[in-house]
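Below you'll find the structure, written out as structure tokens, and then a few comments.
The values are calculated or read from the model by the stated rules, or taken from the named source; none is laboratory data. As the structure is a computational prediction, the values presented were derived from the model and not from experiment. Cβ coordinates were reconstructed from backbone atoms using ideal geometry, including for glycine residues, and neighbour counts include every protein chain displayed. When the accessible area is computed, the model is the full protein with side chains, heavy atoms only, and any ligands, DNA or RNA have been set aside. Shrake-Rupley method; radii C 1.70, N 1.55, O 1.52, S 1.80 Å.
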Amino acid sequence: MKNHVLRPLFVVIGIVVLILLARIVIVPKDFGIGERGYMYAWYRKSNEEDWKKFKVKYMGREYCKDCHSDKYDAIKQTPHAAIQCENCHGPANDAVSEHPSDQRPKLVIDKSRAHCLRCHFPLPYPTSARLKIRGIDPDKHNPDMECSTCHNPHQPMEGLK
Amino acid sequence: MISRRKFLKNTALGIAGMGISLSALEIIDPRKLFAEVAADKAAVRWAFLVDTYKCVGCGLCVKACKEENEVPYDANVTRTWVERYVLTKTGKLYADTPKGARDGFTTDKIDLNADGIKDISKEGIEKAFFVPKLCNQCDNPPCVQVCPVGATYQAADGVVLVDRKWCIGCGYCIMGCPYGVRFFHPVHHTAEKCNFCYHRITKGLKSACVQACPFGARQIGNIKDPNDPVTVAIRTQRVGVLKSEYGTKPQVYYIGLDEEVR
Amino acid sequence: MVHGELWTVKELFVTPNEYIYWSIQIVMYPFMTGLVAGAFVLSSLYHVFGIQQLKDMARFALVFSFALLFAAPMPIVLHLQFPFRGVEIFMTPHFTSAIAAFGIVFFTYGAIVASELWFLYRKHFVEVSLALREKQDRTLGEQIRYLIFCTLTLGVYDISEESLHRDEKAIKFLAALGIPVACFLHGYAGFIFGSVKANALWMTPLMPVIFIMSAIVSGIALCMLTYIVAMEIRKYLAKRKRAAYAGLQSQDQLKSVEISVIQMTAKYLLAFLVAAISLEILDLIFRGYTALKSWDVLRSVIYDRDFKTIFLMQYGIGNLVPLILFLIPGITIRRAVLGVLLVLFGVFMMRWNVVIGGQAFSLTFAGYMHYHLPIVPHDWETVKEGLVGAIAIFIMPFALFTVISKIFPVFETQKAR
């Protein structure tokens, strides 16, 4: 062998070829360049579908309408109309179960005072809409009682006890 | 926005023009090219509009987001969060976002983390407001640019997604984001971020946070549709974006953005 | 628990997802690549520019650089959430990312160092394998050794004058080629940080250059240190075995060789040290003078919160003291050891101040984060991203060196002569 100087180069080329071969096996077939070009879209195309298949959990109030029409109609007449049912009851579906077909965990009912205070703690901040929500001082307004003992959240001022 | 649309149109035409002149050399079917341009016109580009005047800081959006997207509820990371800014008459700024406002703001004291809790008298407040934050789905997403393996990318409709099967967890994208929207998912251990609830918007639903917001402070829309209320609002109102100096071209627009908002 | 929460303490206004995600291993990473690059540049000073005083050091530095080479990517691997997915950097590289370049640059660099070593030690491989081939009944150990060395010759057994001459030319070529690649390897490590526009402390085009300078400083320092240790051992052996092997160099001979090598190397160390400090100071002055929006928070980090680690530990103990130690004429081995130890410490602190310091303030510019290095490990995460992991990484090249030097003898060649 006259020119041994190139031997290491052959070894390097061999390794590069091995890497390229490994690529054929390891890289998913749909890996490629998307619409935003190599800089912003170099990815596995089927991942888009993976994300689209993700489970929807919050169904929206229209979903409750047929079965809980009383609540649905009642809340419409009150200042709470804008609040989604699931904000206080948690998502109708979760990762494992679905309301109501799966009766196991009936939907949660968040009765904590803290939950109502998200909006009703008085924060009279100028330039913020929070200013306009009537707040109550939690230390003075019937402390140690759940708000729903007196207020029906679906009709907050009806039948106050 | 008009100039933006014009720009898009011009580029599209320019590219088409180039394609046609190229077709002399390389046989490209011009019909196919036009079809692509047309498809581009019909295409979707998601954009977000936040009205900071309307936000009351209830944090129901954060709660909904965490449950919808299976981000462990008690983990101290979140895809979206709400910040509170309080400016006093003495010119001082106090800001906080306890637990990302997952439980809203149920106290008037400011949470300064290791520096304790700060009591501010109601009278001392000059202005105060809430600012919801989420991924800006930038037109030039720096987080995507720095991913070494192609595990995060921008879909054709502008949403930046993370491939949980391909992410190696180096954290470079987290470092690269000027808005701090990325984190490691406590269960999957891959990079995680807001994706406008991709599974919802592609089904015609609103993002979970948008649906959860009782006050309409959050809206999502297709900026390529000139009749979309979000597009109209962005076009006709004074809107701002966060940290435009980074050149990221964020696509979350804010109404009533204050200079103090970081 | 969320990754990063364990060692991050937040202060004032910090957004919810901000933690110190890049912790001790990312401090180790540029530190280790810096050592690789520095060691290689040192060896090239002899091979390319023919600086004769460095002859003894050059061979050693090259082998050490090879040992370091294997240790350099380990911090990254330990840092990854999915270490086994690391190969994806070769499978689907995204070259707009500075980290993706790592695969290619690192591989190229490794190939150059390995090839250079091959040319340097080819004669040795051939001799060993020929000697073993002659032997009739080889033990299992010898058989394995024989196979290893046969493979290492790559099938070339020609060690004529002419072919050895060709080897030398190849070495010179590779050493010359290696310098820019080594600088690139490390410069790009600086680029990883310098190009993060989201980070006010990191974003500066000076970052790669600063990294290269301090890399060379640390590489030279580590080579000097290891060289001194190796020489001390040899001196000790010389003292004990002189009676038995008359051919060995005497203790005094060794000592004079050692001192002259150290003197020579120290000069280069000083030159690069001064360059590194100047660049860093320039960066600091520039930031203060231009005083962009981020300067308020940066100033409070640099001059207040991190004052101790930056000015005391890095510039003071790590730069100024060794500078003085080396500038006082009539250097002694003991002073040199102290000097290089401090230099190594200084460079480590510089990496620390960049990586941890860069995450010491929030993206809001209105809050801070403190890093608490996990010292006593209690789960896998605190092992790999804690003191234990860092020390393991630091020891690794030395362990590797002992193994590798069995194949590439660093000092024996002199004995043979």
- Whole number in Å², please: accessible area per residue of the range A:61-158, 1.4 Å probe, ligands, DNA and RNA not counted. 62 Å²
- Message: Tell me the relative contact order for the range C:37-116 as a rounded percent, counting alpha carbon contacts under 8 Å between residues six or more apart.
- Response: 23 percent
- The answer for B:CYS147, listing residues at least 5 apart or on another chain whose modeled amide H is closer than 5 Å to its amide H, is none
- Taking a probe of 1.4 Å, how large is the accessible area per residue of chain C, in Å²? 42 Å²
- Counting other Cβ atoms within 10 Å, which GluC sites (Glu not before Pro) in the range A:70-161 have at most 16 and lie in a DSSP loop? A:GLU146, A:GLU158
- Message: What three numbers, in Å, describe the spread of the alpha carbons of the range C:310-417 along their principal axes, ordered from the longest?
- Response: 66, 42, 22
- Task: List the residues of the range B:44-88 whose accessible area drops by at least 50 Å² when all protein chains are present, compared with their chain alone, using a 1.4 Å probe and counting only protein heavy atoms.
- Result: B:TYR53, B:VAL56, B:LEU60, B:LYS63, B:GLU67, B:GLU68, B:GLU70, B:ASN76
- Message: Out of the trypsin sites (Lys or Arg not before Pro) in the range C:90-157, which ones are loop residues according to DSSP with at most 15 other C-beta atoms within 10 Å?
- Response: C:LYS135, C:ARG138
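When all alpha-carbon pairs of the range A:3-53 are counted, what percent fall beyond 12 Å?
Looking at the range A:3-53, the distances longer than 12 Å represent 73 percent of pairs.
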- Relative contact order of the range A:61-158, defined on C-alpha pairs under 8 angstrom at six or more residues apart (%): 26 percent
- Express in Å², to the nearest 10, the accessible area of B:HIS188 obtained by rolling a 1.4 Å probe over the protein heavy atoms while all chains stay in place. 80 Å²
- Across 20 Å bins beginning at 0, the whole-percent shares of Cα-Cα pair distances in the protein assembly as shown come to 13, 39, 30, 14, 4, 0
- Query: What is the spin-label model distance, in nm, from A:GLU146 to C:ILE259 if the labels are put 7 Å beyond Cα along the C-beta direction?
  - Reply: 8.8 nm
- Query: Looking at the range C:269-366, which trypsin sites (Lys or Arg not before Pro) are in a loop (DSSP not H, G, I, E or B) and have at most 13 other Cβ atoms within 10 Å?
  - Reply: C:LYS293
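Report, to the nearest whole %, how much of the accessible area of the protein assembly as shown belongs to carbon and sulfur atoms, 1.4 Å probe, protein only.
64 percent
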- In Å, the Kirkwood hydrodynamic radius of chain C over pairs of distinct alpha carbons? 23.1 Å
- Over the range A:3-53, calculate the relative contact order: mean separation of alpha carbon pairs under 8 Å at least 6 apart, over the residue count, as a percent. 22 percent
- Tell me which aspartates and glutamates have Cα within less than 14 Å of B:LYS63's Cα, excluding those fewer than 8 residues away on the same chain? A:GLU86, A:ASP94, A:ASP110, B:ASP74, B:ASP103
